[in-house]
Amino acid sequence: QVQLLESGGGLVQAGGSLRLSCAASGRTLSNYFMGWFRQAPGKEREFVALISWSGTTYYADSVKGRFTISRDNAKNSVYLQMNSLKPEDTGVYYCAVDFMKYRGRPPTSNEYDYWGQGTQVTVSS
């Protein structure tokens, strides 16, 4: 019923930047938590960043100071600005939405209801 479509991935050298987008169709996102996750080759999927319905953000320690999550409710989209990229950032990036309306805490990974198909980010050097 809900589709999340990620875009913006690609190949970039270490120190470069990418901006990922996640556009939703089928339901508005304004009242819900949105998250970004990534999965590197041969590794488990890990949390990257989230943004709440109120605009509160939270980041994994590994990306603090380098990544910024934001949302544009008018466009029903969520973004992940990634700066100072490192080879360790390589992986498939997924966006996800937790449809528990006005949840009072950040969702756990198991509480996200819909996931995008992912966009590949490759950081060389």
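Per-atom-type breakdown for the chain gives carbon and sulfur 47% of the accessible area (1.4 Å probe, protein chains only). If you take the Cα centroid of the range 92-112 and the Cα centroid of the range 1-73, the two points sit 11 Å apart. Applying 1/(1 + (r/R0)^6) with R0 = 30 Å to the Cβ-Cβ distance of PHE99 and ASP61 gives a FRET efficiency near 0.65. Taking the alpha-carbon distance from LYS75 and a cut-off under 22 Å, which lysines remain once sequence neighbours fewer than 8 residues away in the same chain are dropped? Within the straight-line cut-off, LYS75 pairs with LYS101.
Straight-distance candidates among the lysines for linking to LYS86, with alpha-carbon spacing under 20 Å and chain neighbours fewer than 8 residues away dropped: LYS43, LYS64. Under the criterion of Cα pairs below 8 Å and six or more residues apart, the relative contact order for the chain equals 36 percent. The magnitude of the dipole of the chain, with charges of +1 and -1 set on the Cβ of Lys/Arg and Asp/Glu and taken from the Cα centre, is near 240 debye.
The values are calculated or read from the model by the stated rules, or taken from the named source; none is laboratory data. Nothing here was measured: the structure is a model prediction, and the numbers come from that model. Cβ atoms come from the backbone with ideal geometry, glycine included; neighbour counts cover every protein chain shown. Note: accessible area is taken over every heavy atom of the protein model, side chains too, but ligands, DNA and RNA are not part of it. Shrake-Rupley method; radii C 1.70, N 1.55, O 1.52, S 1.80 Å.
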